[in-house]
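J.: Got a structure for you, written out below as structure tokens; questions coming shortly.
The values are calculated or read from the model by the stated rules, or taken from the named source; none is laboratory data. Computed from a prediction, not measured in an experiment: that's the story for all the values here. Cβ coordinates were reconstructed from backbone atoms using ideal geometry, including for glycine residues, and neighbour counts include every protein chain displayed. For accessibility, only protein heavy atoms count, side chains too; no ligands or nucleic acids. Shrake-Rupley method; radii C 1.70, N 1.55, O 1.52, S 1.80 Å.
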Amino acid sequence: MTVARGWQFFMHPGPTNIPHRVLQAMARPTVDFTAPEFVALRDRSLQRMKGILKTREGFVIMYAASGNGAWDASIANLFSPGDKVLVPQTGFFADRWSNTARAYGLEVEALPTPDRRPVDPEAVGRALAADTKHQIKAVMLIQNETATGIRHPIAEVRAVMNRLGHPALYLVDTISSLASYDFRMDEWGVDLVIGGSQKGLMLPPGMAFTAINPRAWAVAQTTTNTRKYWDWRPMIENGRQVQFCGTPPISHFFGLEASLDMLEEEGLENVFVRHRRLADATRACVRHWGKSGGVEIYSLDPDFASDSLTAVMVPAGHDADRVRAIAQDRYGVALGRGLGVLQGKIFRIGHMGDLNEPMVLGALAAIELALAEAGIPHASGGVEAAMDSLRAPAAARRAAVAA
Ligand SMILES: *Cc1c(COP(=O)(O)O)cnc(C)c1O
């Protein structure tokens, strides 16, 4: 490989770019985690996270772990061996969460979802309606399936559960959607939320969390799954976290404070608008590339294409990993690969976290060059289409946000 000059563009859908402000906040000596300074930081951060999650009823517990750890925490605390859960199959990440449940002795009912489409709330409803004995203890859904770039309808699934009066808990993984587009824990009736540090929150990997509402907390008191590291009970006092299992991720808390400051200064709703604007530009570019055949956006339903990443499918007989390799080696643009069954079929452009227009436009230009070099059929001029997308609606969008 040649010597890399200039900025490397990191366009993965997690981990994401870490802002200098977060890096600087973390670059300081450690502290005693039982001393007042850290305890105040911890309490303040956990409280502020509730604002990001839009919950008053729920509380947040942090772990030194990657997102997979929060999956384990959800399963270890909320269930007993033999319990049944319903998991709509959205892709690689839903499969992984299902496997965590199976590893703890749960029975997983996997609900098929048509390829390249969002979960149909009515299909969830049919599975719950068939469960007349209420053996399904929870519905587990990924808000943003990072493997496919498809969003799933969180509020609508809860509406169906309510209509049927089914008592299952509702668990939602927001790892690649939180702080990128809207999530409302209380309003959408989510009992347990899964989150991680290295995506929309713009931190390094290594801090994960669960948000727990009173219903989920009550259930956790009666379940019998084996738990130790993830056990909520010793960590919680009067609805707030007072302890960790071992040493807390101290430096991540310094970074989280900076990240929360940044999100607050921009305004969470403006953060969502920025993500939508960058996602719209990316999608306009990919649609242009594929206007006479060739590459296409993996999500068939434009309304459910993710605002935090775009999965791009290459035509059969072509290798998406070649585009990635050229983008990385020649242009210093890192892209996400296809996971599991999608390996080689798609590449994923992350547009989540600390990004602006020139970063996205620069990356799209390099990807267009890589497509040509890899011999993937596409129409050139995608970046112009992305610029058109950024040009036209910007004023209207700003007005809408100010209103
Ligand atoms: C990244 C991701 C995970 C896994 O998180 P890790 O930090 O890699 O363990 C889980 N769910 C979703 C939706 C993700 O995007």
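J.: Show me the helices (runs of 4 or more DSSP H) found entirely inside the range 307-403 where at least 3 residues are farther than 14 Å from Thr282 by Cα and either of a type outside the set (Ser, Thr, Tyr) or modelled with pLDDT of 95 or more (or both).
T.: Numbers: elements: 320-331, 357-373, 382-391, 394-402.
Counting at least 3 such residues, we get 320-331, 357-373, 394-402.
J.: Can Arg21 be described as more than 14 Å from Ile250 (Cβ to Cβ) and open to solvent by 60 Å² or more (accessible area, probe 1.4 Å)? So that I can check it myself, show each step before the final result.
T.: Working: more than 14 Å from Ile250 (Cβ to Cβ): yes; open to solvent by 60 Å² or more (accessible area, probe 1.4 Å): yes.
In short, yes.
Residue-by-condition table, conditions (1) crowded, with 23+ Cβ neighbours inside 10 Å; (2) more than 16 Å from Tyr63 (Cβ to Cβ); (3) of a type in the set (A, V, I, L, M); (4) free of Cβ contacts under 8 Å to residues at least 24 places away in the same chain:
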site: Lys228; (1), (2), (3), (4): no, no, no, yes
site: Leu260; (1), (2), (3), (4): no, yes, yes, no
site: Glu266; (1), (2), (3), (4): no, yes, no, yes
site: Glu269; (1), (2), (3), (4): no, yes, no, no
site: Val273; (1), (2), (3), (4): no, yes, yes, no
site: Phe304; (1), (2), (3), (4): no, yes, no, no
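J.: Another question about this same structure. Name the one entry in Ala320, Ala281 that is touching a helix residue (DSSP H, G or I) at 6+ places or on another chain (Cβ under 7 Å), hydrophobic (A, V, I, L, M, F, W, C) and not assigned by TED's automatic domain parsing to the domain that holds Asp120. Before the answer, list the steps.
T.: Numbers: Ala320 fails: touching a helix residue (DSSP H, G or I) at 6+ places or on another chain (Cβ under 7 Å).
Step by step, each of Ala320, Ala281 is checked, and only Ala281 is touching a helix residue (DSSP H, G or I) at 6+ places or on another chain (Cβ under 7 Å), hydrophobic (A, V, I, L, M, F, W, C) and not assigned by TED's automatic domain parsing to the domain that holds Asp120.
J.: Another question about this same structure. How many of the residues making up the range 106-144 are more than 26 Å from Asn77 (Cα to Cα), surrounded by fewer than 17 Cβ atoms within 10 Å (Cβ to Cβ) and basic (Lys, Arg)?
T.: 2
J.: State which residue is most open to solvent (accessible area, probe 1.4 Å) when the search covers only the range 26-77 and only residues that are within 16 Å of the ligand (Cβ to nearest atom) and either without any contact (Cβ under 8 Å) to a residue 12 or more places away in the chain or touching a Cys at 6+ places or on another chain (Cβ under 9 Å) (or both).
T.: The selected residue is Ala64.
J.: If we scan the range 194-212, do we find a residue that is at positive phi, within 16 Å of the ligand (Cβ to nearest atom) and surrounded by fewer than 23 Cβ atoms within 10 Å (Cβ to Cβ)? Talk me through it step by step, then tell me what you get.
T.: First, the residues of the range 194-212 that are at positive phi: 202, 206.
Next cut, within 16 Å of the ligand (Cβ to nearest atom) only: 202, 206.
If we keep only those that are surrounded by fewer than 23 Cβ atoms within 10 Å (Cβ to Cβ) as well, we get 206.
Within the range 194-212, one or more residues are at positive phi, within 16 Å of the ligand (Cβ to nearest atom) and surrounded by fewer than 23 Cβ atoms within 10 Å (Cβ to Cβ).
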